[in-house]
1. State all residues of region 25-43 that are out of contact with any Lys or Arg (no Cβ under 6 Å at 6 or more places or on another chain) and either buried (at least 16 other Cβ atoms within 10 Å of the Cβ) or outside any helix (DSSP H, G or I) (or both); if no residue qualifies, say none.
2. Looking at region 77-112, which of its residues are assigned to a loop (DSSP other than H, G, I, E, B) and either touching a His at 6+ places or on another chain (Cβ under 9 Å) or under 21 Å from SER31 (Cβ atoms) (or both)?
3. Determine if region 95-108 includes at least one residue that is surrounded by fewer than 18 Cβ atoms within 10 Å (Cβ to Cβ), over 18 Å from LEU11 (Cβ atoms), touching a Pro at 6+ places or on another chain (Cβ under 8 Å) and at pLDDT 75 or above.
4. Starting from region 41-57, keep only residues that are more than 14 Å from VAL76 (Cβ to Cβ), then list their pairs with residues that are of a type in the set (A, V, I, L, M, F, W, C) and at pLDDT below 75 whose Cβ atoms are within a distance under 7 Å, requiring at least 6 positions of separation or different chains.
5. Would you tally the residues in region 4-46 being within 14 Å of the chain's Cα centre (by Cα) and either modelled with pLDDT under 85 or of a type in the set (A, V, I, L, M) (or both)?
Amino acid sequence: MSSGYVYGVPLTPERERELIEKIAGWTVKYSMEMPTIVFLQSVKPIGRTIGALGVFYGSAFMGISPGISQYGQEAVSLFDNPDNIEKLIARIEELSLEKQKKEEEARAALGLGKPSLAQKLRRFVLGR
């Protein structure tokens, strides 16, 4: 729940969904689900403070170009609300499950069994 004061630009519900989808998609694409969820869970209680610090320290960078300014202010507005953080975490988990199901179906179609521990470790270390 926001305190009413918005540090960044006000976001429409459509833009919030778009940003959440974009961030979740990028996170799952690069297999960063677990670190992202841990980070988001840890900063959720102090989201307002982080938003204020983001505005304070990021203001120097936000003036460099209109794109940086727009996306920076939108990010501050998005993460200002703990409900949006919960929505992002839920969407990351949904996309991660979809990705796992697709991988399992592809492995089954190729006749491959479940990956061995060595294969999982290799995939984890190499990021493949």
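The values are calculated or read from the model by the stated rules, or taken from the named source; none is laboratory data. Bear in mind the structure is a predicted one, so any value in this text is a computation, not a measurement. Cβ placement follows ideal geometry from the backbone for every residue including glycine, while neighbour counts extend to all protein chains displayed.
1. THR27, TYR30, SER31, MET32, GLU33, THR36, ILE37, LEU40, listed by residue number.
2. LEU110, LEU112
3. Yes, some residue in region 95-108 is surrounded by fewer than 18 Cβ atoms within 10 Å (Cβ to Cβ), over 18 Å from LEU11 (Cβ atoms), touching a Pro at 6+ places or on another chain (Cβ under 8 Å) and at pLDDT 75 or above.
4. none
5. 11
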